[in-house]
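Written out below as structure tokens is the structure these notes cover.
The values are calculated or read from the model by the stated rules, or taken from the named source; none is laboratory data. It should be emphasised that the depicted structure is a prediction, and the values quoted were computed from it without experimental measurement. Positions of Cβ are generated from backbone atoms using ideal geometry, with glycine treated the same way; all protein chains shown enter the neighbour counts. Side chains are part of the model used for accessible areas, which takes the heavy atoms of the whole protein and leaves out ligands, DNA and RNA. Shrake-Rupley method; radii C 1.70, N 1.55, O 1.52, S 1.80 Å.
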Amino acid sequence: MSVNKDSIYNIVDEVVVKHNGDPSMLVAMLQDVQAQLYFLPRESIVRIAEKLDIPLTRVYSVATFFRAFSLKPRGKHNLKVCMGTACHVRGAEKVLDKIETELCVCAGETTKDMKYTIETANCVGACALGPVVVVDNEFVGQMTTDKVKTILEKCN
Amino acid sequence: MVNIEMETCRLTDYADLESYRANLQAKKTENKVITICCGTGCLAYGASKIGQSFKDEIKNQGLEGTVSVKFTGCQGFCERGPLVVIRPENILYQRVKPEDVSRIVTETIRNDLILDDLLYTIPSTNEKVRCEEDVPFYKKQLRLVFGTNGYIDPTSLDDYIQAGGYQALNKVLSSMSPDEVVDEIKISGLRGRGGGGFATGAKWEITREAPGELKYVICNCDEGDPGAFMDRSLMEGNPHSIIEGMVIAAYAVGARQGYIYIRNEYPVALKNSEIAIKKAEEKGLLGKNILGTGFDFSIKISRGGGAFVCGESTALMASIEGRTGEPRANYIHTSEKGLWERPTLLNNVETLANIPLIINKGAEWFYGIGTGNSKGTKIFSLVGKVHNTGLIEVPMGITLREIIYEIGGGIPGGKKFKAVQTGGPSGGCLPEEKLDLSVDFDELSRAGSMMGSGAMIVMDEDNCMVDIARYFLSFLEEESCGKCVPCREGLKRMRQILDRIIEGKGQDEDIELLIDLSESLTMGALCGLGGSAGNPVLSTIRHFKDEYVAHIQEKRCPAGVCKPLIRYYIVEANCNGCSLCIKECPADAISFQGKKQPVKLDQDKCTKCGACYDICRLNAVEVK
Ligand code: SF4
Ligand code: SF4
Ligand code: SF4
Ligand code: FES
Ligand code: FES
């Protein structure tokens with residue numbers, strides 16, 4: 001996705017206003033920016049620091065500390081594989097392996113065609129259904145390796 | 001209809017709330033309510049479609065006004081979702097599909113006929129069960145905090161008030177002094193449900209007595225424990241019970257401002273708590289001049305970014321202040337110097353949800369439930385290798401066996417029980433010999449595990465305990481904030497040793513080394529994350545040493561999990577050559593040998609992905 005500098009600035013400025021420019025809302029602001037851009041481009045981080053008048057390093061450290069944030073562009077579809085304990089004991093590792101082999105990229109990466117990003121999570125809070133994969137905000141429970149192809153095809 | 005709020009009037013005193021409640025109860029016209037669980041689990045099984053079909057069907061059949069449809073939060077029995085319960089009879093239909101909807105309305109709602117095929121069947125006796133309360137999964141539970149989830153629409157304040165909500169707040173504000181409230185909680189014996197099990201009343205007292213004009217109350221809904229989802233479900237399903245608990249806490253400790261810290265990954269919890277805060281404010285139950293008493297307390301929501309270490313109180317507070325969630329040395333307790341260096345009361349979701357109950361029914365009543373030093377009930381997420389996965393609420397003192405076999409229905413697939421992991425990454429694994437342990441804070445710690453947030457993950461013979469230990473270590477290694485050396489370096493070293501064992505390169509002294517390192521972490525780490533990181537390792541070594549020995553000395557993984565030590569084989573006697581596995585194999589390691597002939601697996605090509613094992617319907621793939 002190509003977003004130009006001005007539109008990034010616009011998005012950031014709106015988000016900052018929404019939170020009254022309150023630096024203690026930094027985490028929420030980054031989340032709101034990311035919700036619109038799917039990741040945090042360099043310009044957005046610089047702009048937030050400017051707008052809030054706080055050191056760039058502080059924004060950067062928050063943006064890299066929480067796993068919810070991504071500084072790299074993400075694909076159109078997001079596959080979040082839960083690696084929490086409940087999912088782990090029911091074979092989450094195998095499911096992740098299979099998704100990685102199918103898409104030829106590792107967790108945390110995006111396919112070349114920018115179609116899929118694979119992510120892992122430590123528990124998405126639907127443990128009773130484990131193993132769970134969240135495909136673009138939709139929960140798929142009781143995942144098995146042989147269901148992987150179907151869920152990838154469904155993304156088309 | 002209950003779903004439609006009555007006129008938005010502010011409640012200005014105690015009597016107002018009670019007459020409002022009486023009004024709601026009198027206005028109730030419909031005689032049947034269809035509740036559809038819309039918790040995350042049931043939604044994943046398609047509950048929202050079913051919900052819409054019910055609404056349409058009720059309209060089509062002209063039943064509006066006599067039957068209402070209600071979307072609730074998680075009702076616990078996620079395994080059998082989507083769940084539909086018809087009240088007041090509490091008829092439970094499970095695994096409901098959209099095409100069942102019109103039958104349900106015609107037969108059950110209109111003609112009072114039960115649809116046998118939608119009922120829950122007890123596997124061992126094949127007996128069909130009609131009502132929610134007779135299902136074995138629910139029978140042994142005591143759902144004081146969680147049970148209300150099944151009756152109310154989380155977005156409706158009226159629903160909560162009708163079910164007796166904000167009565168406790170009313171009682172506190174009209175007839176109790178803050179000291180009396182603190183005493184009541186102290187007498188009840190309630191201990192924090194978030195992990196440590198610190199006495200809640202004592203925590204309130206310290207915060208109350210701490211000097212300072214400005215104080216805060218924080219509700220922790222971060223839920224970093226993998227395998228636990230009770231906080232999420234409570235916040236999604238009954239947010240007002242938590243808000244009510246917070247307002248009472250604020251009154252008791254003298255706070256004016258509160259925060260609910262919720263993980264950003266919990267969008268429904270975020271949305272429902274936002275709605276609840278807004279509605280409570282409109283009604284005068286939150287915000288300025290609550291119920292006309294002059295008491296002010298407002299709540300803001302703070303979104304967490306999903307960092308496990310934010311379960312540490314100091315890290316969580318740093319995160320609310322808009323900084324990275326790094327713990328700091330906690331020589332002075334956060335109750336005295338917390339958020340922005342001011343006295344702060346931090347309680348977990350489930351703890352707060354218990355407060356209205358204690359106030360309404362009395363500390364003595366609460367004290368009567370549970371065991372010696374653990375009072376009341378506890379919500380566990382019962383997950384992993386067990387038949388009935390879901391959320392359960394049980395009185396303290398129930399045994400692990402009752403939980404796993406009677407409520408959970410035992411281990412699926414005829415497999416053998418191996419261990420149950422409790423307390424998340426800070427807890428431990430308990431073996432079969434401990435199944436008769438009665439579950440409470442102290443008994444679990446004595447057995448080398450802990451209550452933690454209440455994750456209960458059941459494992460069977462196919463789970464490798466060395467792998468589980470490694471799993472927790474790599475989890476913690478990733479989540480460590482890296483501030484102190486024992487945690488940063490120690491975890492890495494321990495994970496490397498376990499990697500080595502799993503690769504078949506284990507050395508005889510490895511077990512000793514792991515124990516040593518665990519102990520140094522306990523002594524040297526700054527916060528609880530590092531301090532308890534050794535627990536999963538120590539408990540697996542304590543109870544499953546033979547598995548470590550098999551890996552180290554025989555280079556064998558008895559459970560068939562650790563990739564470098566296992567191989568997949570075709571059991572020729574079972575294989576009919578259906579070639580399902582051939583299509584599935586990403587490495588072209590399996591080849592066709594002719595019709596009805598067993599297939600052949602080439603060990604040199606096999607990447608041990610296990611896809612053939614999962615797909616084969618005839619048990620013709622074996623792992624050793
Ligand atoms: S023990 Fe670990 S997580 Fe805790 S402060 Fe030290 S490095 Fe950070
Ligand atoms: S799926 Fe099973 S039965 Fe079919 S060819 Fe493979 S091993 Fe044989
Ligand atoms: S384990 Fe995976 S790679 Fe090996 S034979 Fe089976 S499907 Fe093929
Ligand atoms: S462990 Fe996977 S959803 Fe909780
Ligand atoms: S989500 Fe429906 S019972 Fe848990």
- Which of the residues spanning the stretch B:521-535 are within 12 Å of ligand 1 (Cβ to nearest atom) and outside any loop (DSSP other than H, G, I, E, B)? B:LEU521, B:THR522, B:MET523, B:GLY524, B:GLY528, B:LEU529, B:GLY530, B:GLY531
- Item | Hey, B:LEU316 touching a Cys at 6+ places or on another chain (Cβ under 8 Å), modelled with pLDDT of 90 or more and more than 16 Å from ligand 5 (Cβ to nearest atom) or not | yes
- Task: Among the residues of the stretch A:122-142, write down those that are over 21 Å from B:PHE475 (Cα atoms), part of a loop (DSSP other than H, G, I, E, B) and either open to solvent by less than 40 Å² (accessible area, probe 1.4 Å) or within 10 Å of chain B (Cβ to nearest Cβ) (or both).
- Result: A:ASN137, A:GLY141, A:GLN142
- Query: So B:TRP340 clears everything in (1) within 14 Å of another protein chain (Cβ to nearest Cβ); (2) over 28 Å from B:ASN264 (Cβ atoms); (3) part of a helix (DSSP H, G or I) except one condition, right? Which one?
  - Reply: (2)
- Item | Residue that is within 16 Å of ligand 4 (Cβ to nearest atom), without any contact (Cβ under 8 Å) to a residue 12 or more places away in the chain and surrounded by fewer than 24 Cβ atoms within 10 Å (Cβ to Cβ), where the choices are A:GLU153, A:GLU109, A:GLU119, A:GLU93 | A:GLU93
- Taking the stretch B:550-604 and keeping residues more than 14 Å from chain A (Cβ to nearest Cβ), more than 16 Å from ligand 2 (Cβ to nearest atom) and open to solvent by 50 Å² or more (accessible area, probe 1.4 Å) leaves B:GLN553, B:GLU554, B:LYS555, B:ARG556, B:PRO558, B:ASP604
- Note on the structure: Residue set B:ARG303, B:ARG323; condition away from ligand 4 (no atom under 16 Å from the Cβ), outside any helix (DSSP H, G or I) and either in contact (Cβ under 8 Å) with a residue 40 or more places away in the chain or polar (S, T, N, Q) (or both); output residue B:ARG303
- Query: Which fully enclosed helices (runs of 4 or more DSSP H) of the stretch B:117-223 have 3 or more residues being open to solvent by 10 Å² or more (accessible area, probe 1.4 Å)?
  - Reply: B:136-139, B:167-175, B:178-188, B:200-209
- Query: Any idea which of B:ILE369, B:ILE358, B:ILE332 is over 22 Å from the mean Cα position of the chain (by Cα), away from chain A (no Cβ under 14 Å) and either away from ligand 1 (no atom under 16 Å from the Cβ) or touching a residue at least 40 places away in the same chain (Cβ under 8 Å) (or both)?
  - Reply: B:ILE332
- Go through (1) outside any loop (DSSP other than H, G, I, E, B); (2) in contact (Cβ under 8 Å) with a residue 24 or more places away in the chain; (3) within 15 Å of ligand 5 (Cβ to nearest atom); (4) more than 14 Å from chain A (Cβ to nearest Cβ) and name the single condition B:GLY41 misses. (4)
- Task: Kindly indicate the residue of the stretch A:36-71 that is under 17 Å from B:GLU265 (Cβ atoms) and of a type in the set (Phe, Trp, Tyr) and also nearest to the other protein chains (Cβ to nearest Cβ) among those meeting that condition.
- Result: A:PHE66
- Item | Criterion: within 18 Å of B:GLY165 (Cβ to Cβ), away from ligand 4 (no atom under 16 Å from the Cβ) and not in a strand (DSSP E or B) - qualifying residue of B:ARG95, B:ARG10 | B:ARG10
- Task: Search the stretch B:576-594 for residues that are over 15 Å from A:VAL148 (Cβ atoms) and pair each with any residue that is within 16 Å of ligand 1 (Cβ to nearest atom) and at pLDDT below 90 when their beta-carbon atoms are under 9 Å apart and the residues are at least 6 apart or on different chains.
- Result: none
